[in-house]
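Report on the structure given below.
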Amino acid sequence: MKYHFNEIEAKWQKYWADNQTFKAENPVLSGVEGKSEKPKYYVLDMFPYPSGAGLHVGHPLGYIASDIYARYKRHKGFNVLHPQGYDSFGLPAEQYAIQTGQHPAITTEENIKTYRRQLDQIGFSFDWSREVRTSDPSYYKWTQWVFIQLFNSWYNNDSDKAENISTLISVFEKDGNTNVNAACDDNVKLFSAEAWNNFSSEQQQDILLQYRLTYLAETEVNWCPALGTVLANDEIVNGVSERGGHPVVRKKMTQWSMRISAYAERLLQGLETIDWPEPLKEIQRNWIGKSVGAQVEFNVIPKEQSDEESHKISVFTTRPDTIFGVSFMTLAPEHELVSKITTPEQKAEVEAYIEATAKRSERDRMADVKTISGAFTGAYAEHPFSKQPIPIWIGDYVLAGYGTGAVMSVPCGDQRDYDFAKHFNIPIPNIFEGVDISEEAFADKDNTIIANSGFLDGLNYKQAVKQAIYELEKLGQGKGKINYRLRDAVFSRQRYWGEPFPVYYVNGMPQMIDAKHLPITLPEVEKYLPTETGEPPLGNATHWAWCTKTNSVVSSSAVENKTVFPLELNTMPGWAGSSQYFNRYMDPHNEDEIFSQEAINYWQQVDLYIGGSEHATGHLLYSRFWQKFMYDLGLVPHDEFAKKLINQGMILGTSAFVRRVDGFNYEKGKYNSGEHFNKGAYNVKTNILISEGLASNQDYLKKLLIENKPDTESSIKSYDTITSNIDDYKISLRDGVHVKVKYVNASDELDINGLKNDEEYGKDYIDCIFLGENGEIIGGNNDVFKVRRDVEKMSKSKLNVVNPDDIVSDYGADSLRLYEMFLGPLEQYKPWNTAGITGVHSFLKKLWKLYFDDNGFKVTEDEPSKEALKTLHKTIKKVEEDIENFSFNTSVSTFMIAVNELTAQKCTSKKILEPLLILISPYAPHIAEELWSHLGHKESISTAPFPKFDESHLVESTKNYPISFNGKMRFTMELPLDLSKDDIETAVMAHEKTKEQLQGREPKKVIIVPGKIVNIVG
RNA sequence: GCUGAAGUGGUGGAAUUGGUAGACACGUUGGACUUAAAAUCCAAUGAACAUUGCGUUCGUGCGGGUUCAAGUCCCGCCUUCAGUACCA
């Protein structure tokens, strides 16, 4: 009987689905007193966004690893929760809708079907009965519900947790806000209880918004005109949008925000309590960006004595010890005080500068950090201690978004201040003892001794910081302060395909729709574009389905609503739905609660979370924030949602490139067959593609290009400057252009006929001339055309994706699973190379042959040999250790060794071959199930107990000692393990080869580590 | 620039507390089987020298150091990748 993997895999996938083999036991319904008797274990993957391109072989890597772990835990007797779902709101489906008019829900549904089919055929042990989709109203009902809870909460810095807004209101009613220590807007004004009680309802609501954990405020946002929406900081990469690479500009808009900054310190501290990869924690630490220092107030010297208005400039500094080194101040050009303090003489210059900086895009500013620019406002501030006047400048090296948007400039201690001072000829006073600052600033805190600084003289950094803050507090002009880089997260998107807000407006103030009306479902719209009046796409909606008779406030027509009580027209961002899904899986069908307390108290938190590190500052940070909030509400037992996290590395594609002699009416992927190449050696009609061998023969190539130089005017610049150095040519010749990897074999040879007949791009190549290594035109069947190969990220646009469907049909899911693990350590980036899969595939065939040969099933009841027991038990030990350490690649090697050994031993004993299947089952579950059933089992292998390791089978009586001379191993010697040191020495010294090595010399020293090594020093 | 991770054969990668470097595969070469191919099996495969065999020397990015012994520990560099960037 042969190993027919396709049939076997289909059979067992159907069996698992029919029998719901991997359904997690429900703690509420099973066992005694509402609990499963098994210990729980929760293994989670980051759920996918179902894109139209489907899966490539890089996507399942993490899923395979987590699946192996989940299956292993089932063998170990755990009640395993291993769910899967879809993060199904998002931009691509919406962009597609804009282009084609197809409803994103339909696109999403189709994509999910593809994903599900692809996932199913890999044989994952997901509990699909718990599937969630973020775009499903029964799911996003709870996303909206969390939003309402956030709106109804404020952050109490004294109790250090979120509390219901009603507690804040009662404080306001009794004492006003003067003694409130809360996370709030920087611009909150102080008021008394009396004032509060006299405020209008709108005024009160406005003030409360400055405290709520989600709030509506005019903020400077990242606006992406091409996408027509705002973006969060983590959605911008290198100054352009992460999706699509469109430019982003700063813009003031009224937006929903999340007061994540309230949790900055807890998000930072929490990192110490979780087992997450250190690099990822570091990214989060940097993003939170804690810096300890002081806030200092500088009084602006009034322009004229009669000037009644007095201004203060607050700055944040990490170096209050250098306060006597301040020789100027710098404000961000956008700073609100700039217009107020600028003198008439400087007005023109300052305004010109502001205009110039406003014009520069974020990207320009980032690209050009070297150029020093700024303008003097004409105003001066007073030094808090020396009382000397300090000129106030503006400069774009000071960012409006960080700290207070103003700095006290200490040129002797900060290189940027130093450069600015040099550039504008501002004095650079030295306040450091014994330090030369004629060339650059001195920023070494650890070796600082302060001088020329009055009461700070002679102090070191730490002492001076403390003293300076003390003196500032005495003056009432400063205090110690901790600043965080973490900004509140903008939470609205001007898009259609996202969660609607449960919000309507009364007199411009946002109101929550009562939770009993949730979900507020996404209304149908005619167009997915902004309305003519510039409102988000939801402004096109005419009917909202959520309205009920019980809520008389809002009627069922949005048109009507707009005149009476307008609805929120923005939708939530992509990360809204992914910030609570891990908890929802615990009780996904609960219609009354986000999850029951029974469920959360049983499942607790995610034990193992696997996903990519690219979510460090997005999903993973926001989820931690929401979890802490849920913890404050008393809804979850842990304030971290995932105990352990592993980042799987990316699987890279091996792209293929052909060198193209470029520039002939080439546009939009279509090659014109022009008349430019009527002359020359080949009577060339169109583009030339050059094989790798020729591309490296640069002199020949040059000659060839000159001979074929077109004589028409359309000849290309690069042809006029032909050199023998290929690097001088356009990218398309130097690096080549991508071709589909499926037309390139393992020897880097291109299948030209396949390429020309490709459905998508074949027509582009029909008229191309392919030149071989010696400049010959490639046409014959035996001709070889080589391409350049390079490792890159796997992506559709790079034409280097490998589809798991093809792998599964050619080699089977078990081969795919084993091979993905075999490639290398889970966390590591590694290139995919389909050719290597034959190794694991033939391993599976060898495994099969241990059970079946031409005469049929050959497993016997015979007692196993000693060697076979040894093989089995060392395999048990190693595999168990490997899985516990997430070292899946090495356990695949271990299986190979075991099967090779057992084959050599001609082992047929059931006592060996039965437990072996359980070891392999997490990795290659289909073949394991099939052979398991042939062993006579009626039940699935999935919960068979993991074999117990028995040390006694590994006990050896002898050791093959490596004998080293001066640390270099020369030969080995088989010796009994119970030999004493002296006996070992005697035996080794008596050996013929030892004498040969020593050549008569006396050894100086003999090191013997029993059971390990012998080293003779001569 | 700063922060983090990593550099081992032709390739992917192994190597407990320092203790036989290159496991396991891919690829390559030779052989068996076959009319042939595929599949399968066997052998060799770090480099150089030697080759009649025993072998010998060098080898884990580079330069030092600790040690009987270093891929592993310490110091100083180099390179690559990733994150981040005027953060006061």
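The values are calculated or read from the model by the stated rules, or taken from the named source; none is laboratory data. Nothing here was measured: the structure is a model prediction, and the numbers come from that model. Please note: Cβ atoms are built from the backbone with ideal geometry, for glycine as well, and neighbour counts cover all protein chains shown. Side chains are part of the model used for accessible areas, which takes the heavy atoms of the whole protein and leaves out ligands, DNA and RNA. Shrake-Rupley method; radii C 1.70, N 1.55, O 1.52, S 1.80 Å.
If all Cα-Cα distances of region A:124-240 are sorted into 10 Å bins from 0 onward, what percent lands in each bin, rounded to whole numbers?
11, 30, 26, 21, 10, 2, 0
On a C-alpha basis, how far is the centre of region A:463-479 from the centre of region A:939-1018 in Å? Whole number, if you could?
68
On a full-extension model of 0.36 nm per residue, what is the gain between A:SER747 and A:GLU526, subtracting their alpha-carbon distance, rounded to one decimal in nm?
Length difference between fully extended and current span is 74.3 nm.
Taking a 1.4 Å probe, which of A:PHE582, A:PHE385 shows the most accessible area, and what order do the others take after it? Working shown, then result.
Working: A:PHE582 0, A:PHE385 40 Å².
Ranked from most to least accessible, the order is A:PHE385, A:PHE582.
Just the number: Rg to Rh for region A:167-321, Cα atoms, Kirkwood Rh, two decimals.
The Rg/Rh ratio comes out at 1.04.
Rg and Dmax of region A:300-356, using alpha carbons, in Å: what are they?
When restricted to Cα atoms, region A:300-356 yields Rg and Dmax of 13.4, 36 Å.
If you bin the C-alpha pair distances of region A:235-353 every 10 Å from 0, what whole percents do you get?
Computed distribution, short to long bins: 9, 22, 30, 26, 10, 3, 0.
Any chance you could look up the accessible area of A:VAL292 with a 1.4 Å probe, heavy atoms only, rounded to 10 Å²?
Accessible area, nearest 10 Å²: 90 Å².
With all protein chains present and a 1.4 Å probe, how do A:ARG493, A:ARG117 order by accessible area, largest first?
A:ARG117, A:ARG493
For A:THR972, which sequence-distant residues (separation of 5 or more, or a different chain) have an amide H within less than 5 Å of its own amide H, given hydrogens modelled in the peptide plane?
For A:THR972, the qualifying residues are A:ILE963.
Given 10 °C and 1.306 mPa s, compute D for chain A with the Stokes-Einstein relation, Rh being the Kirkwood radius over Cα pairs; round to the nearest whole µm²/s.
After rounding, the answer is 46 µm²/s.
When only DSSP loop residues count, what GluC sites (Glu not before Pro) in region A:384-472 have their Cβ near at most 16 other Cβ atoms within 10 Å?
Those that pass, being in a loop and sparsely packed, are A:GLU433, A:GLU439, A:GLU440.
Two decimals, Cα atoms only, Kirkwood Rh: what is Rg/Rh over region A:830-875?
Values: Rg = 15.2 Å, Rh = 13.3 Å.
When Rh is taken as the Kirkwood radius, the ratio is 1.14.
Once you've got the Cα coordinates, tell me which of A:LYS866/A:LYS1005; A:LYS174/A:LYS466; A:LYS141/A:LYS527; A:LYS23/A:LYS846 are over 29 Å apart.
A:LYS866/A:LYS1005; A:LYS174/A:LYS466; A:LYS23/A:LYS846
What does the charge dipole of region A:127-233 about its Cα centre add up to, to the nearest 20 debye, if the Cβ of each Lys and Arg holds +1 and the Cβ of each Asp and Glu holds -1?
With only Lys, Arg, Asp and Glu charged at Cβ, the dipole is about 300 debye.
Let me understand region A:375-444 better: what is its radius of gyration from the alpha carbons, and its Dmax, in angstrom?
12.6, 36
In region A:811-872, which chymotrypsin sites (Phe, Trp or Tyr not before Pro) fall in coil by DSSP and have 16 or fewer other Cβ atoms within 10 Å?
A:TYR829
Quick one: Cα convex hull volume of region A:737-854, Å³ per residue?
That works out to 155 Å³ per residue.
Enter the Cα centre distance for the pair region A:272-336 and region A:569-625, rounded to the nearest angstrom.
So the two Cα centres are separated by 35 Å.
Which of the peptides A:18-24, A:106-112 is most tightly packed, and how do the rest follow, going by the mean number of other Cβ atoms within 10 Å of each residue?
Result, highest mean first: A:106-112, A:18-24.
Dipole size in debye (nearest 20) for chain A around its Cα centre, Lys and Arg Cβ +1, Asp and Glu Cβ -1?
1820
At R0 = 56 Å, how high is the FRET efficiency between A:ILE236 and A:PHE971 if r is their beta carbon distance? Nearest 0.05 is fine.
The value I calculate is 0.30.
Can you tell me the mean projection area, over all orientations, of the convex hull of region A:381-492's alpha carbons? Units nm², please.
The orientation-averaged projected area of the Cα hull of region A:381-492 comes to 8.8 nm².
So for region A:789-859, what percent of the C-alpha to C-alpha distances run longer than 20 Å?
Taking all Cα-Cα pairs of region A:789-859, the fraction more than 20 Å apart is 43 percent.
With both partners inside chain A, how many of the DSSP beta bridges are antiparallel, as a percent to the nearest 5?
Within chain A, antiparallel bridges account for around 80 percent of the total.
Which of the chymotrypsin sites (Phe, Trp or Tyr not before Pro) found in region A:864-936 are loop residues per DSSP with 12 or fewer other Cβ atoms within 10 Å of their Cβ? Numbers along the way, then the final one.
Numbers: sites: A:PHE886, A:PHE888, A:PHE895, A:TYR923, A:TRP932; in loops: A:PHE886, A:TYR923.
Loop-located and lightly packed - none at all.
What whole number of Å gives the distance from the Cα centroid of region A:47-72 to the Cα centroid of region A:848-922?
That distance is 27 Å.
Bin by bin, in steps of 10 Å, what percent of the Cα pairs in region A:800-909 do you find, going until the bin that has the longest distance?
Computed distribution, short to long bins: 13, 38, 33, 14, 2, 0.
Starting from the coordinates of the alpha-carbon atoms of region A:444-555, obtain the Kirkwood hydrodynamic radius over all distinct pairs and give the value in Å to one decimal.
Values: mean 1/r = 0.0506 Å⁻¹.
Final number for the Kirkwood radius of region A:444-555 is 19.7 Å.
Say the dipole of chain A comes from +1 at the beta carbon of Lys and Arg and -1 at that of Asp and Glu; which of A:ILE766, A:SER327, A:ALA97 then lies farthest toward its positive end?
So the residue furthest toward the plus end is A:ILE766.
Among A:TYR263, A:TYR380, A:SER909, which residue has its Cα positioned farthest towards the positive end of the charge dipole of chain A, with +1 placed on the Cβ of Lys and Arg, -1 on the Cβ of Asp and Glu, and the dipole taken about the Cα centre?
Checking the options against the dipole of chain A, the answer is A:SER909.
Over region A:1-130, what per residue volume does the convex hull of the Cα atoms give, in whole Å³?
Convex hull volume per residue, Cα atoms: 144 Å³.
Give me the dipole magnitude in Debye, nearest 20, for region A:777-911 about the Cα centre, with unit charges on the beta carbon: positive for Lys and Arg, negative for Asp and Glu.
Once rounded to the nearest 20, the dipole reads 260 debye.
What ranking do A:240-247, A:263-270 get when scored by the average of other Cβ atoms within 10 Å per residue, highest first?
A:263-270, A:240-247
Restricting things to alpha carbons, find the Rg to Rh ratio for region A:870-970 using the Kirkwood radius for Rh. Walk me through the numbers before you get to the answer.
Details: Rg = 16.4 Å, Rh = 15.2 Å.
In region A:870-970, Rg relative to Rh is 1.08.
From the gyration tensor of the Cα coordinates in region A:72-197, what semi-axes in whole Å does the equivalent ellipsoid have, largest first, with each one equal to sqrt(5λ)?
After scaling each eigenvalue by five and taking roots: 46, 24, 11 Å.
Identify, among A:HIS82, A:GLN210, A:VAL315, the residue whose Cα sits farthest towards the positive end of the charge dipole of chain A, taking +1 on the Cβ of Lys and Arg and -1 on the Cβ of Asp and Glu, with the dipole about the Cα centre.
Farthest towards the positive pole: A:HIS82.
At a 10 angstrom cut-off on C-beta neighbours, averaged per residue, how do the peptides A:503-513, A:612-622 rank from highest to lowest?
On the way: A:503-513: 16.2, A:612-622: 20.1.
Final packing ranking: A:612-622, A:503-513.
For A:MET586, A:MET1, write out the residues from largest to smallest accessible area, computed with a 1.4 angstrom probe and no ligands counted.
Correct descending sequence by accessible area is A:MET1, A:MET586.
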